[in-house]
Amino acid sequence: MASLPSPARADATVRRVVPWAVVVGVVLVALNLRGPILAPAPVLGLLREDLGLSSTTAGLLTSLPVLCFALAGPLVPRLIRRVGPDGAVLACLLGILAGTIVRSSGGTANVFLGTVVIGAAIMIGNIVVPVIIRRDVPYHRAAAVTGLYTASLNIGGTLTSLGTVPLADAVGWRWALALWGVLAVVGLLYWVRLRARRSAAVAEADQAARSGGASTRVSPSVSRIAWLLVLALGCQTFAYYGLSGWLPTMLTDTQALDPAAAGSAASLFQLFSVLGALGVPLLAARTPGWVPMAVIAVSWVAMPVGLLLAPGAFVLWALFGAIGHGGAFTAILSIIAQTSGSDREAATVSARVQTGSYVAAASAGPVVGALSSATGGWTGPLLLVLGAVLTFSAAGVSAAVMAQRHRSA
């Protein structure tokens, strides 16, 4: 009678499936994690007219998912422990698909219910992807795969932002939102197949890893890194959402651009983030671990400083800021994947860091807008953003230094 494969042999079986099969899977998940949030924004006017919503109520459709991120975050590690990382990916994609269908059918209640489901499902994906990368991708490839994941997040959001209006013109806003569910279907089919490729030995090893030991405590050294990452990602996310929401208005007010031109200029802040996401792994492969975070910090700081001192060069500052925020997300997720000692630890740290960051994100837009109204201009908000990115810089570089020491220990 054949003996059961050991965990080491099970791990070797996993390696035959990855990394490229998992890399493709990670990209397919990433394409679904920003588009469903951004899709309503281009057709918000049509949606308001059809459903009779006020501008304030309609605006909740873009902010509500971020609140769902913060609320769902603490629950996701339990889901991962119960169904495993692969099962959590399937739950994420199923939730996005279900939420998309519900949001595109019925009245106002359906729209908001579907948005809540989408937000909770996306948070599962946000947290489980670093776990998948830690588990399946060789250590020296983790930063590169994380960078590709981050770039794919932004590509998915850009495709949705650009494609929703043409689709709405052709088939109406409901079908325009619903058709993006095709990306979730593709991801589901792929991950069902990928999960099936794992042998019985791998499934048994994964189950043993999930059931072995009830402790979910994070080691002291990783916990210290995690709290620095909470501060770093929280400040970076606050700055990102604060600028994303108000940059077009800021450019209209300070540079006398018409709304279309201001929106196009602000889109560079999203588009060029791909450079940061893909540049961090290239830099990390050739320099000490703290250098990429320091470069990201300088890039991020350049945007608010540049907008304060030389606002006419806003395209250049948007480029620097895009590299900063795209690279920051990649670097922080890479640290989580590379320093966690187990899937459980990775899930716990990922949930802690990302939940904290989305609490900050939920307050960014209202705080920046209120400060602008109170001061009658944009100097105060830009100084607030500058303070946030300086704090990110200090916490991020400190976390990167500690992570390098942790890996060398």
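The values are calculated or read from the model by the stated rules, or taken from the named source; none is laboratory data. Remember, predicted model here, so these are calculated numbers, not experimental data. We place every Cβ from the backbone using ideal geometry, glycine too, and count neighbours over all the protein chains shown. For accessibility, only protein heavy atoms count, side chains too; no ligands or nucleic acids. Shrake-Rupley method; radii C 1.70, N 1.55, O 1.52, S 1.80 Å.
List of remarks:
- Entry comment: accessible area of the range 22-131 is 34 Å² per residue, from protein heavy atoms only and a probe of 1.4 Å.
- Accessible surface area normalised per residue over the range 233-385 is 36 Å², counting heavy atoms of protein chains with a 1.4 Å rolling probe.
- Heavy-atom surface analysis with a 1.4 Å probe gives the range 23-162 a carbon and sulfur content of 69 percent of its accessible area.
- Anisotropy class of the range 262-409 from Cα gyration tensor, a/c 1.5 cut: prolate
- Whole-percent carbon and sulfur share, accessible surface of the range 317-408, 1.4 Å: 66
- Once the Cα atoms are used to define both axes, helix 76-103 deviates from the longest principal axis of the chain by about 40 degrees.
- Converting phi to 3J(HN,Hα) with the Karplus coefficients 6.51, -1.76 and 1.60 and the offset θ = phi - 60°, the range 278-285 yields 8, x, 4, x, 5, 6, 5, 6 Hz in sequence order, with x at every glycine or proline.
- As a calculated quantity, the FRET efficiency between Leu71 and Arg48 at R0 = 22 Å, using C-beta atoms, amounts to about 0.30.
- Ranked packing of 367-373, 29-35, most packed first, by mean Cβ within 10 Å: 29-35, 367-373
- Solvent-accessible area, 1.4 Å probe, carbon plus sulfur percent, for the range 235-312: 73
- 0 to 90° range, to nearest 10: angle between helix 314-339 axis and the chain longest Cα axis: 20
- On Cα atoms only, tilt of 290-309 relative to the major axis of the chain in degrees: 10
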